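Here the structure is laid out as structure tokens; the discussion comes afterwards.
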């Protein structure tokens, strides 16, 4: 079984985000970038399927400028077999990303596509579901457990009330939640090996997808800042403040 | 053109998140229709018809929609959605699951998790875990939107008298099936709707220690939440997680106990009206957003607080 994993290059999750002074966007100049944490979990899950003998090949795809090859190499160092970069300097919207990925799926014919449930920059949580719809494939989103057996995949999902388990026909799309697995660290020998693994570069034109804008970003502003309040010295003082000042108890 | 709002429900009751989505829809303006898709969901449809501001309730009652499977529901919603200017759902896990499929089938973008309506085509939404607010204009003929519940007041549950109309269309993709669920049952209020929330973090040490928070919560009529660290450590189940990727809450009073205050957690609770933080580490970042900070051992402070209320 072939597994395709889509990954995204995003701002490192430890970096404090700042809005540009002209309010056009956030400032990403000279900021540390990394593999989106949910995508890392997706790569790890695919590699584990390969180690368990369920998957035969793990292909990683990323869409972005040449720099995103770094994140593809990271995924290859974690154990993926080969990479595909779809090169564009634009930041395509989720629907366009899903259309590009749908073309890759048509070419590669994986039985399972694994993606992170959301990227920590745009926080959209859309691409996997859109890909499922475009390909008419079933989906298991926000997965905390994935089991492949007898031509099906059982996915346990983190939902508002607790956990829900679905069974999906293959091919299917799975999006990962935080507790699906704990990604490994790439070892130095594997980082070296990853440099020699194949990485194809394609363009949106090669795939016949037009980068259409469905939205326009008008401005980006910092959120309302919350001011730190006061220190109370005892539980008694806290209770007094809650009763008489804040009046919430 | 009218607006279609997707009702959140469990086939027996209409969930509160629907009411916040109705308010967001009414700010857009226009005739408002509410879709109740499920199985044996007649009681939900009756409740939906009472909601203030709703003009019509559409009911798709079929086994194919019983478990809100995204494959089936997205086909139904996208088919109905062609006749609307906006298709709006609460940004719950079911809304997040279904709506992007609806958008893709309609060949339009989705605006996720909106927090403000500026006009019929311009909305605000948080990005980068709420560290920036984007104002986004939709260029599509149909706007597919999910709504962050805490950013909009709930519409009144009564006062409306909408007509109820059955939808005959049945879409069963046949590619997915429901196997089972583990749903937490609790007498406490729902996390996203509670007026008071008491949350515990890694400082709680283990799951058993959450009992002291539960006692405090019961005294306050509060819901109990947790930080990602506490959930990852296995202290409590995932549905209690408050944060960027968990639940977004904005109660009147939020009490953070043994929570350091990672950005991802703050993203889920910093809109709370009053924030209390109890932590023994006086450098904990949670104190930077708290109205009342108490540097103390939580195992002494929490029982004491409970006894004084």
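Read the figures in this text as sums done on the coordinates, not as results from a lab. Keep in mind that this is a model prediction, so the values were computed, not measured. Cβ coordinates were reconstructed from backbone atoms using ideal geometry, including for glycine residues, and neighbour counts include every protein chain displayed.
Quick one: compute the contact order of chain B, relative version, from alpha carbon pairs under 8 angstrom and 6+ residues apart, as a percent.
Values: 715 pairs, mean separation 46.2, N = 309.
Reported relative contact order: 15 percent.
I need the semi-axes of the equivalent ellipsoid of the range B:113-177: take the C-alpha gyration tensor, multiply each eigenvalue by 5, square-root it, list largest first in whole angstrom.
On the way: eigenvalues 163, 85, 42 Å².
Over the Cα atoms of the range B:113-177, the semi-axes work out to 29, 21, 14 Å.
Roughly speaking, what is the centre-to-centre gap between the range B:1-63 and the range A:12-28 when only Cα atoms are used, to the nearest Å?
What the calculation gives is 38 Å, centre to centre.
With n ≥ 4 as the cut-off for DSSP H runs, can you work out [θ] at 222 nm for chain B, using -39500 (n - 2.57) per run divided by the number of residues, rounded to the nearest 500? List each step's numbers first, then the result.
Working: 8 runs with 80 residues, N = 309.
Helix contribution divided over all residues of chain B: -7500 deg cm²/dmol.
Per residue of chain A, what 222 nm ellipticity follows from adding -39500 (n - 2.57) for every DSSP H run with n ≥ 4, rounded to the nearest 500?
On the way: 7 runs with 66 residues, N = 249.
Helix-only estimate at 222 nm: -7500 deg cm²/dmol.
Within 10 Å of each Cβ in B:106-112, how many Cβ atoms from other chains are there, averaged over the peptide? Don't skip to the end; give the middle numbers.
Working: counts 2, 5, 3, 11, 10, 4, 7.
Mean shielding by partner chains, rounded to a whole number: 6.
To make sure I understand, if each residue's beta carbon is the centre and we count other beta carbons within 10 Å, what order do A:157, B:101 fall in, fewest to most? Spell out each step's value before the answer.
Working: A:157 24, B:101 28.
Lowest to highest Cβ neighbour count: A:157, B:101.
Let me know the whole percent of all Cα-Cα pairs from chain A that are separated by more than 30 Å. All intermediate terms of the calculation are to be shown ahead of the outcome.
Details: 10664 of 30876 pairs.
So the pairs more than 30 Å apart make up 35 percent of the total in chain A.
With r as the distance between the Cβ atoms of residue A:23 and residue A:87 and R0 = 41 Å, compute the FRET efficiency 1/(1 + (r/R0)^6) and round to 0.05. Please list the in-between numbers first.
On the way: r = 29 Å, r/R0 = 0.72.
With R0 = 41 Å, the Cβ-Cβ based efficiency is 0.90.
Could you check the spin-label model distance between residue B:297 and residue A:247? Points 7 Å from the Cα along Cα→Cβ, value in nm.
Each label point is offset 7 Å from its Cα along the Cβ direction, giving 3.7 nm.
Can you give me the relative contact order of chain A as a percent, contacts being Cα pairs under 8 Å and 6 or more apart? Intermediate values should be presented prior to the final figure.
Numbers: 489 pairs, mean separation 56.9, N = 249.
Computed over chain A, the figure is 23 percent.
Work out the mean other chain Cβ neighbour count within 10 Å for the residues of B:89-95 and drop it here as an integer. Show your work: numbers first, answer last.
Values: counts 0, 1, 1, 3, 10, 4, 1.
That average works out to 3.
For chain A, find the longest principal axis of its Cα atoms and tell me its angle to the long axis of helix A:94-108, 0 to 90°, nearest 10.
30
Measuring from centroid to centroid over Cα atoms, what is the spacing of the range A:88-108 and the range B:195-239 in Å?
41
What is the percent of Cα-Cα separations in chain B that go past 26 Å? Could you put the intermediate results ahead of the total?
Details: 22930 of 47586 pairs.
Pairs farther apart than 26 Å: 48 percent.
How long are the semi-axes of the equivalent ellipsoid of the range B:38-185, defined as square roots of 5 times the Cα gyration tensor eigenvalues? Whole Å, largest first. Before the final figure, lay out the partial values.
Working: eigenvalues 127, 77, 57 Å².
Semi-axes, largest first: 25, 20, 17 Å.
Helix A:37-51 sits at what angle to the longest principal axis of chain A, using alpha carbons and giving 0 to 90 degrees rounded to 10?
The helix A:37-51 is inclined about 40 degrees to chain A.
State, in angstrom, two size descriptors of the range B:55-124 derived from its alpha carbons: Rg to one decimal place and Dmax to the nearest whole number.
That works out to 12.6, 38 Å for Rg and Dmax.
Nearest-5 percent of antiparallel DSSP beta bridges in chain B? Numbers along the way, then the final one.
Details: 9 of 55 bridges.
Among the beta bridges of chain B, antiparallel pairing accounts for roughly 15 percent.
Working from Cα positions, state the angle (0 to 90°, nearest 10) between the long axis of helix A:69-78 and the longest principal axis of chain A.
That helix lies at roughly 80 degrees to the long axis.
Under Stokes-Einstein, with the Kirkwood radius over Cα pairs standing in for Rh, what whole-number D in µm²/s applies to the range A:1-132 at 10 °C and 1.306 mPa s?
Values: Rh = 15.1 Å.
After rounding, the answer is 105 µm²/s.
Between residue A:234 and residue B:63, what is the label-point separation in nm under the 7 Å Cα-to-beta-carbon projection?
Taking the two extended label points, one gets 6.7 nm.
Can I get the semi-axes of the protein assembly as shown's equivalent ellipsoid? Compute them from the C-alpha gyration tensor as square roots of 5 times the eigenvalues, in angstrom, largest first.
Details: eigenvalues 254, 184, 104 Å².
In descending order, the three semi-axes are 36, 30, 23 Å.
Residues of the range B:134-154 with backbone nitrogen within less than 14 Å of a virtual label 7 Å along the Cα-to-Cβ line of residue A:221, please, listed as ranges.
Label zone hits: B:134-136.
Between residue B:82 and residue B:13, how high is the FRET efficiency from 1/(1 + (r/R0)^6) when r is the Cβ-Cβ distance and R₀ = 22 Å? Nearest 0.05.
After rounding to 0.05, the efficiency reads 0.15.
Only counting other Cβ atoms within 10 Å, I'd like B:254, B:84 sorted with the fewest neighbours first.
Details: B:254 29, B:84 22.
So the residues, fewest neighbours to most, are B:84, B:254.
Which percent of the Cα-Cα distances in the range B:1-114 go past 25 Å? Mind dumping the intermediate values first?
Working: 621 of 6441 pairs.
Value for the range B:1-114: 10 percent of Cα pairs lie more than 25 Å apart.
Quickly work out the residue B:165-to-residue B:188 label distance, labels modelled 7 Å from Cα along the C-beta direction, and quote it in nm with one decimal.
4.3
Between residue B:181 and residue A:169, what FRET efficiency follows from the Cβ-Cβ distance if R0 is 30 Å, with the result rounded to 0.05?
Values: r = 20 Å, r/R0 = 0.66.
The formula returns an efficiency of 0.90 here.
Which whole-angstrom value gives the distance between the alpha carbon centres of the range B:248-309 and the range B:80-155?
31
Compute the label zone of residue B:273 within the range B:171-213: residues whose backbone N is under 11 Å from the point 7 Å along Cα-to-Cβ.
Residues B:195-196 fall inside that zone.
Mind sorting A:58, A:104 by how few other Cβ atoms lie within 10 Å of their own Cβ, fewest first?
Working: A:58 27, A:104 20.
Listed from fewest to most nearby Cβ atoms, that is A:104, A:58.
Which percent, nearest 5, of DSSP beta bridges in the protein assembly as shown are antiparallel?
Values: 40 of 117 bridges.
Bridges in the protein assembly as shown that DSSP calls antiparallel: roughly 35 percent.
Just the number: Rg to Rh for the range B:170-304, Cα atoms, Kirkwood Rh, two decimals.
Working: Rg = 15.9 Å, Rh = 15.2 Å.
Here Rg/Rh amounts to 1.05.
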